[in-house]
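Everything on this sheet refers to the single structure shown next.
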Amino acid sequence: MPRHAALLIAGTLLASPAMAHEVGAWAGASNAPAERSEVAVAAIDGKAYVVGDYNGATELLIYDLAADRWSRGAPFPYPVHHTMAVGQGGLIFVFGGYVNGWEATDKVWAYDPKADSWTPRAPLPSARAAGGATLLDGKIHVVAGSVSGRKNTPLHEIYEPATDRWSKAAPLPTPRDHLSVQAIGGRIVAVGGRIDGDPGKNLATNQVYDPAGDAWGEAAPLPTARSGTASTVLGQDVYVIGGESNRKTYDEVEAFDLPKNFWRSLARLPTARHGFGAVTYDGRIYTIVGSPKPGGFKSGTVEVFDPRAGSTTR
């Protein structure tokens, strides 16, 4: 069996499309104090941090999830967009992104909320933007994205915060950008995205990484091909929310059950948008800022999904 097909996922041959029933309910929350898009959003200790902005804003926006209250932190060192962020060990780590227009950077920064300050870390081995980053077993995996000029890269590199060092892992079989990347059940799910920065070339591709074998395998495709989505993990599911094409923004909310290799639909996002982030807190999903139109628009919208509330049928 080829290496890229070595990953075995329970129920692959029985994979089903999304279910017809949409469950859960959405509610509004306090808007961000500034409108943003093409951001990275990461959470630690009950707070979500919004980094970067397509339109050049640098001020850090901080959202207290329990209190539904916003504050501001030390500005990011320079304007950046399409960056990647992960919370770990009381710090927010920010990787790459586009600077000076569409120039991919290799810079890595850590934000300390207690000191309200940014500190440089070991740079990415390869400059890139619009990829995905996720935490697995104390290490941060930075997957795919684009280099300067928006050409895709399949690179998969692993950052160890404790030692400030990088290592390489098996590249993503289908290079893409604007994808969702989440760790769940000891594996990494990389879903959706687009080819070479073109929202007219969205993908439904879903590939899963097994660190034990350092190998990727195919999984049930995303029911609605899209890119620029927000994503998070809740329970046993990876949620893929919103997104865009070259013609529209999406309100689809689809959840992937890795053990069952199965997708289901949930209540639609009230404000279709892309270039935003999602975090999970207290059994709910918080979707934060983003653009309600294709391209470089922005908003301060915050909407919260509760999977335990409501039930409708499409």
- Task: Report the residue count in segment 239-250 for those that are within 14 Å of F305 (Cα to Cα) and not small (G, A, S).
- Result: 3
- Query: Restricting attention to segment 148-173, which residues are touching an Asp or Glu at 6+ places or on another chain (Cβ under 8 Å) and hydrophobic (A, V, I, L, M, F, W, C)?
  - Reply: W166, A169, A170
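So which strands (runs of 3 or more DSSP E) are wholly in segment 233-306 and hold at least 2 residues that are more than 15 Å from the chain's Cα centre (by Cα), surrounded by fewer than 24 Cβ atoms within 10 Å (Cβ to Cβ) and touching a residue at least 60 places away in the same chain (Cβ under 8 Å)?
Output list reads 262-265.
Residue by residue, here is whether (1) in contact (Cβ under 8 Å) with a residue 24 or more places away in the chain; (2) open to solvent by 40 Å² or more (accessible area, probe 1.4 Å); (3) aromatic (F, W, Y) holds:
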| residue | (1), (2), (3) |
| --- | --- |
| A74 | yes, no, no |
| V80 | yes, no, no |
| F95 | yes, no, yes |
| V108 | yes, no, no |
| P113 | yes, yes, no |
| P125 | yes, yes, no |
| L136 | yes, no, no |
| V147 | yes, yes, no |
- Note on the structure: The residue that is farthest from E59 (Cα to Cα), considering only those in segment 89-134 that are touching a strand residue (DSSP E or B) at 6+ places or on another chain (Cβ under 6 Å) and of a type in the set (V, I, T), is T134
- Item | Single residue of A230, A212 found to be small (G, A, S) and within 26 Å of K151 (Cα to Cα) | A230
- Report the residue count in segment 54-72 for those that are open to solvent by 50 Å² or more (accessible area, probe 1.4 Å) and assigned to a loop (DSSP other than H, G, I, E, B). 5
- Note on the structure: Of the residues in segment 154-208 that are crowded, with 24+ Cβ neighbours inside 10 Å and among the basic types (K, R), the one that is farthest from E244 (Cα to Cα) is R176
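The values are calculated or read from the model by the stated rules, or taken from the named source; none is laboratory data. This structure is a prediction, so every number in the text was calculated from the model and none was measured. Note that each Cβ is placed from the backbone with ideal geometry, even for glycine, and that neighbours are counted across all protein chains shown. Ligands, DNA and RNA are excluded from the accessible area calculation, which covers all protein heavy atoms including side chains. Shrake-Rupley method; radii C 1.70, N 1.55, O 1.52, S 1.80 Å.
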